[in-house]
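Everything below concerns the one structure shown next.
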Amino acid sequence: MDLAIALALQIIYGIANLVLISLGLAIIFGMMRVINLAHGEFIMLGGYVVVISTNHGVNLWFAMLILAPVVVGLIGVIVERLLIRHLYGRMVDTLLATWGLSLVLIGLITTIFGAQTATTISAPLGAVPIGEYSTSGYELFLIAVAIVLSVVVYLALKFTRIGLVARGTMQAADMASALGVSTSKVYAITFGVGAAVSGFAGALLAPLTGVLPTIGATYIAKAFITVISGGTAILAGTTSASVLLGGINGIVSFGIGPTMGEVALLVAAVILLRLMPRGITGRIFRKSL
Amino acid sequence: MIRSRETRWSLFAAAVGVVFLFAAPQVFELFTIINLTTVLALAILALSLALVWGYGGILCFGQTMFFGLGAYAYTIAAINIGETTAPIFIAIFVAAAFAAILGYFIFYGRVSDVYLAVITLTVTLIFYSLLRSTSGPEYKIGNALLGGFNGVTSPPLNIPGDPSNVLYPEDMFYVAMAALILAYLFCVWLTQTHFGRVMVAIRENELRAELLGYDIRLYKLALFAIGGGIAGMAGVLFANGIGRVTPDIFNLYNTALTIIWVIVGGRGTLIGPVLGAIALFYLTSGLGTQASINNNLVLGIILIVFVLLVPRGILPGVIGIWDRAQSRSKLLRSEKRMRRRRAPRRPEQEAANDG
Amino acid sequence: MKLDRRRFLQTTSATAAVMAAPGIIGRAAADDTIKMVSILDQSGGLDIYGKPMVDTTVMAVEEINAAGGLLGKQIDLKTYDPQSNIQFYTQFATQAAASDKADVVHAGITSASREAIRATFNRFRTLYFYNTLYEGGVCDRSTYCTGSTPAQTVEKLVPYVMKKWGKKVYIVAADYNYGHITADWVEKYVRDNGGENVATEFFPLDVNNFGTTIKKIQAAKPDLVMSALVGGAHVAFYRQYAAAGMNNSIPIASTTFGVGNEHTLISAEEGNGMIVAYSYLQEIDTPTNKDFVGRFQAKYGADAPYINELAARSYEGAYLWAEGVKKAGSTDLAAVIEALDTPVSYNGPSGKLEVEPKTHHAVQNVYLAELQGQKYNILETYEQQQPADTLLVCDLVKEPNQSKFYFENGLEAAGIK
């Protein structure tokens, strides 16, 4: 029984992890139809903000919860103004541009900080006993964060004016523009928010993973697959795809092994897209966000 | 008018290729000739995606999967058979057949656009994951062990019918260059046939083509399989160029890189992506001979500047400049306007419109 | 080699000459310098290993040159960056052998890259040094593998930690050739020492969520965990293990943790108490090593990376080759091989490093150390360990003309187990 609870928590954590690493990409893709190949690097930057700032004596919580999203969000806005802005309506060219951006960010971080940076932080909150087992308190915290973050995004989109404008722009940019919305501003903010969420995820994962300039590569494919499998609805899509893919991954990892767990995740995504050619929210939860 | 100009240019490009085929070994150093096999293999891979994506509008984010399958199929078949002529055809067949199966799965499920990109990427990553974990002796096909992450040594090509007469790496250049020229001419021919023109019609407007009575699923499937076969042939050459096949062929970096070549070279053209692949290979390897600045940084900056300055890719960019120069001196305005009207519509407009 | 066929001799006279008279052509032409090429990843995912290796290689060559060079000539070092990409490995290997006419090439990190370029060096009769610790089993007359192999390190580590912590062992390893072979050796030595293998689990190199496995370890209650995890993503294992409070109850031992300087990527609390085995550690307390570390840090500044086995061995590998050239009195391939096999040895930062002539591997010291506060405390030193695994399959003295990677498909395929 204890084992069942511990495992269930572990699988829920796997899902939360997937939500965290995908949500930033989902915001940028869902709103702007830009496939951001530098998404993994935004996550990496979030981790670097935490490692570098804590090495300079900044409080871990402040670095993770405030500094990282702000810094990476600002980088996102700058990138949008300098680069992405010139490429709207040219989805394919943004692939090339963000690929270049991803190389630049890896190269820049390596040049400034070297191939690796020593860290002093470890996961806070200690271990939580579950009968004979123990699980990381910090992982439980991350589950909570993933839920809160999803709810915040939902509320922001549903009930705020910015959310309304953003949804309007997402559905019909021309119309929004004709009604006096500055779509350019909306896009800049969206890209910034997407980057901030990615940086936030990277920061939160920093105490649980290795932070290296090239670590983004381990996130991008999974995030990409999750977001597209979810379909066009940012939130419902990403969370439902995370539940499905993360759940399958967790169960197969435990039952057969980690390699098959990875493969099962990928196979599930392929079958899912065959059955629902526009992703989960292309078929069900259509009206959702 | 335009078609004849295209044909002229294509034949000119092929002629340049033939000249290069004979001149290169006299001009370049031995090591350059040896390495060209690998570069040309990548160029043919780029060509296959130029056909599938540039002409067919199928955004395949996993073209390296057919490339890798070709390389593995060739290697495994050659180890088992003991000669390499049949394995070339086996490799092309395996790659094309797999593309046909996957294509059936995709097109008859009406998956398109970015969702298709993700399916192809995901299947590529499945190969990557599976092959990496095949390091044990239990993973073998016939006599060929799969070798896991470290991969398998590929036997070099031999003269047909004479397994002991093995081609040397410098001789492989002739094979690879000839393969590129032939594959290119084949693609040019294909795009000028009825089939090719229907493909362009489908790319421009799927619904319209379908209403005109074309089975667009079948057309896409056929093009996808042909592209897969060409990529498989490129894989054979790659296995010869490297002397080894490893699962890394299937990784995200390489499959994304294929897309990058096509964008850099220019979508909607065939020779552009070929040049894009060659240019980026030499740019990247050239950067690798210096150590003062991080290579990722330099390459990334070049790509970003490129996408801002040359939005349509190398070849369309060059043609655009050429056209402007021409029209200023000779052509009438009306003709110019006409050509602009005929310029291909871009796939991303469709992408931007849906959802 | 399949490639050494008569047609090759006909192709061009220049290459034919390379084949017919190795070591003379080209090398004689550029007589004023000795050419050394290094091909190691300085960008891309493998740069955490490659960059320090390049740094120490450059340092070794600069030192040799400052001391008057080799045979009265300066060493001309070229470094290429294959950017963690196998096609550039073969590209640069061909360039080094056919164009630069290198007298020696020090190259390669992964076994896949080594096998791809080794064929090229065989063909052009180029001397090749591989300074990375790896799974063992390469048996090639013109290749020298100076890094440690599992039999050297695992053989010492397993009995030590079993004696200290207990007999039930849980193995976690990277799911690729090196991880599998290392896990095989761990299993063997656990059995040999009367222990029990509870379970062995393999992880793809890009997995960074280890939660379910940590629960499995909790359920299995082993006395210790042996890790053969590799690479940046796998650092996550140690952190999540500690986050679940496991580092205080079930200790970890490893022969792979630290080779990418992982011990600085996790915090002190997370790593404390882990025991590792390498043939070099920066903390080795000898005057030679302290001097070496001092010079390295003076050259590369205060934030110079930690010197791990790969970096130190790249430095020692360069010197070991230099000793061979000195002894041979020339850079001729056959002469240098003969001289190296006498065997030559070099007293470097890791202690005495000697060529083992049957396998062209190295007899070297092995150190067991415990991690405390992101630093290693050396617990034991085992002098002059033989490459016992490769010795089981390879005898270049008896059969000099071979070029084989015996462990390509695991130990079982090589007839061991």
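Show the residue pairs that are 6+ apart or on different chains and have beta-carbon atoms under 6 Å apart, the first residue being within region B:134-158 and more than 8 Å from chain C (Cβ to nearest Cβ), the second being charged (D, E, K, R) and assigned to a loop (DSSP other than H, G, I, E, B). Correct list of pairs: B:N158/B:E83.
Within the set A:V267, A:V252, the sole residue that is assigned to a helix (DSSP H, G or I) and without any contact (Cβ under 8 Å) to a residue 12 or more places away in the chain turns out to be A:V267. Elements of the type helices (runs of 4 or more DSSP H) sitting completely within region C:232-281 and holding at least 1 residues that are facing chain A (nearest Cβ under 10 Å) and of a type in the set (K, R): these cover C:235-243. Residues being surrounded by 23 or more Cβ atoms within 10 Å (Cβ to Cβ) and in contact with a Pro (Cβ under 9 Å, 6 or more places away or on another chain) are entirely absent from region C:370-381.
All of (1) on the phi < 0 side of the Ramachandran plot; (2) small (G, A, S); (3) surrounded by 17 or more Cβ atoms within 10 Å (Cβ to Cβ) hold for B:S164 with one exception: (3). Looking at region C:61-135, the strands (runs of 3 or more DSSP E) lying wholly inside it that each contain 2 or more residues that are not aromatic (F, W, Y) sit at C:74-80, C:104-107. Could you go through region A:37-53 and let me know if any residue there is under 24 Å from B:V264 (Cβ atoms), among the charged types (D, E, K, R), surrounded by fewer than 24 Cβ atoms within 10 Å (Cβ to Cβ) and in contact (Cβ under 8 Å) with a residue 60 or more places away in the chain. Within region A:37-53, none of the residues are under 24 Å from B:V264 (Cβ atoms), among the charged types (D, E, K, R), surrounded by fewer than 24 Cβ atoms within 10 Å (Cβ to Cβ) and in contact (Cβ under 8 Å) with a residue 60 or more places away in the chain. Applying the criterion of being in a helix (DSSP H, G or I) and either of a type in the set (S, T, Y) or on the phi > 0 side of the Ramachandran plot (or both) to the residues of region B:34-81, the residue that is farthest from the chain's Cα centre (by Cα) is B:T75.
For A:R33, indicate whether it is crowded, with 19+ Cβ neighbours inside 10 Å, closer than 27 Å to B:L252 by Cβ and basic (K, R). In short, yes. When we screen C:A362, C:A388 for residues that are out of contact with any Asp or Glu (no Cβ under 6 Å at 6 or more places or on another chain), among the hydrophobic types (A, V, I, L, M, F, W, C) and under 25 Å from C:K290 (Cα atoms), the only hit is C:A362. Consider region A:85-112 and keep the residues that are buried (at least 24 other Cβ atoms within 10 Å of the Cβ) and either more than 7 Å from every other protein chain (Cβ to nearest Cβ) or of a type in the set (G, A, S) (or both). The one that is nearest to C:D47 (Cα to Cα) is A:I109. Has region C:47-64 got at least one residue that is on the phi > 0 side of the Ramachandran plot and either without any contact (Cβ under 8 Å) to a residue 12 or more places away in the chain or within 9 Å of chain B (Cβ to nearest Cβ) (or both)? No, that holds for no residue. One residue stands out among those in region B:130-187 that are charged (D, E, K, R) and closer than 25 Å to B:A43 by Cα: the one that is modelled with the highest pLDDT, which is B:D171. Does any residue of region C:112-124 turn out to be in the same structural domain as C:A328 (by TED's automatic domain parsing) and at positive phi? No: region C:112-124 contains no residue that is in the same structural domain as C:A328 (by TED's automatic domain parsing) and at positive phi. No other residue among C:A253, C:A220, C:A243, C:A199 is modelled with pLDDT under 90 and within 25 Å of C:E412 (Cα to Cα) apart from C:A199.
A single entry from C:E354, C:E380 fulfils the requirement of being in contact (Cβ under 8 Å) with a residue 12 or more places away in the chain, among the acidic types (D, E) and more than 30 Å from A:A118 (Cα to Cα): C:E354.
Scanning region C:190-212 for residues that are out of contact with any Asp or Glu (no Cβ under 6 Å at 6 or more places or on another chain) and not in a loop (DSSP other than H, G, I, E, B) gives C:V190, C:R191, C:D192, C:E196, C:V198, C:A199, C:T200, C:E201, C:G211, C:T212. Looking only at region B:272-288, residues that are within 14 Å of chain C (Cβ to nearest Cβ), touching a helix residue (DSSP H, G or I) at 6+ places or on another chain (Cβ under 7 Å) and among the small types (G, A, S) come to 3 in all.
For region B:289-325, filtering for residues that are within 12 Å of chain A (Cβ to nearest Cβ) and of a type in the set (F, W, Y) leaves 1.
Looking across region A:169-182, the residues that are under 25 Å from A:S22 (Cβ atoms) and buried (at least 17 other Cβ atoms within 10 Å of the Cβ) come down to A:T169, A:M170, A:A173. Among residues of region C:154-182 that are at positive phi, those with a beta-carbon under 7 Å from a residue that is in a strand (DSSP E or B) at least six positions away or on a different chain give the pairs C:G166/C:L224. Counting only helices (runs of 4 or more DSSP H) that sit completely within region C:309-417, those holding 2 or more residues that are of a type outside the set (K, R), in contact with a Gly (Cβ under 8 Å, 6 or more places away or on another chain) and within 14 Å of another protein chain (Cβ to nearest Cβ) correspond to C:410-413. Looking only at region C:338-357, residues that are more than 25 Å from C:T288 (Cα to Cα) and touching a Pro at 6+ places or on another chain (Cβ under 9 Å) come to 1 in all.
Out of all the residues in region C:173-181, is one or more farther than 24 Å from A:T218 by Cα and either away from chain B (no Cβ under 14 Å) or of a type in the set (F, W, Y) (or both)? Among the residues of region C:173-181, not one is farther than 24 Å from A:T218 by Cα and either away from chain B (no Cβ under 14 Å) or of a type in the set (F, W, Y) (or both), which makes the answer no. Being in a helix (DSSP H, G or I), of a type outside the set (K, R) and within 19 Å of B:V310 (Cβ to Cβ) holds for only one residue in B:I249, B:I230, B:I226, B:I278, and it is B:I278.
Matching residues to (1) within 24 Å of the chain's Cα centre (by Cα); (2) over 30 Å from C:G179 (Cα atoms):
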position: B:V94; (1), (2): yes, yes
position: B:G147; (1), (2): no, no
position: B:Y168; (1), (2): no, yes
position: B:L185; (1), (2): yes, yes
position: B:M199; (1), (2): yes, yes
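Condition first: crowded, with 24+ Cβ neighbours inside 10 Å, among the hydrophobic types (A, V, I, L, M, F, W, C) and at pLDDT 90 or above. Can you find one or more residues in region B:207-223 that meet it? Yes - at least one qualifying residue is present in region B:207-223. Checked against (1) more than 11 Å from chain B (Cβ to nearest Cβ); (2) over 21 Å from the mean Cα position of the chain (by Cα), C:A98 passes all but a single condition, namely (1).
Look at C:K215 and say whether it is charged (D, E, K, R) and within 7 Å of chain A (Cβ to nearest Cβ). The answer is yes for C:K215.
The values are calculated or read from the model by the stated rules, or taken from the named source; none is laboratory data. Predicted model only: the values in this text are computed from it and were never measured. Positions of Cβ are backbone-derived with ideal geometry, glycine not excepted, and every protein chain shown enters the neighbour counts.
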